[in-house]
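Structure, as structure tokens:
Readers should treat all values here as calculations from the given coordinates under stated rules, not as data from a laboratory. The model shown is predicted, which means the values in this text are computed figures rather than measured ones. All Cβ positions, glycine included, derive from the backbone under ideal geometry; neighbour counts span all protein chains shown.
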């Protein structure tokens with residue numbers, strides 16, 4: 001029975017090697033051409049420029065307020081808890097013109113209280 005694996009000299013390098021090498025090459029090219037490339041894309045293909053920028057935004061942000069809360073004044077804590085109550089009730093909140101949406105956790109990770 002013949003082996004389905006290609007001979008050793010025809011095998012592709014591991015994906016991690018290719019990924020690492022690609023990143024190194026990309027970073028080198030970026031240092032040399034990055035700013036000029038962005039300018040060209042922004043002028044000639046503004047829709048792609050916007051798409052690139054949008055792709056760089058995080059898909060979601062996890063906020064941990066534990067350490068911040070301990071440093072808040074009583075008045076700040078009152079405002080914070082009011083905002084949390086509004087967020088919980090409406091599943092959305094706007095602070096200084098920026099809208100936030102509550103995303104419920106889908107994991108069953110235990111909390112430190114358990």
*Cα centroid distance between segment 39-57 and segment 74-96, in Å?*
35
*asked:* Apply the a/c threshold of 1.5 to the C-alpha gyration tensor of segment 16-56 and tell me whether it is rounded, prolate or oblate.
replied: oblate
*Can you pull the one-decimal nm distance between simple spin-label points at residue 85 and residue 55, each 7 Å off the Cα toward Cβ?*
4.5
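What ranking do 69, 41 get, fewest neighbouring Cβ atoms within 10 angstrom at the top?
Final ranking by Cβ density, sparse to dense: 69, 41.
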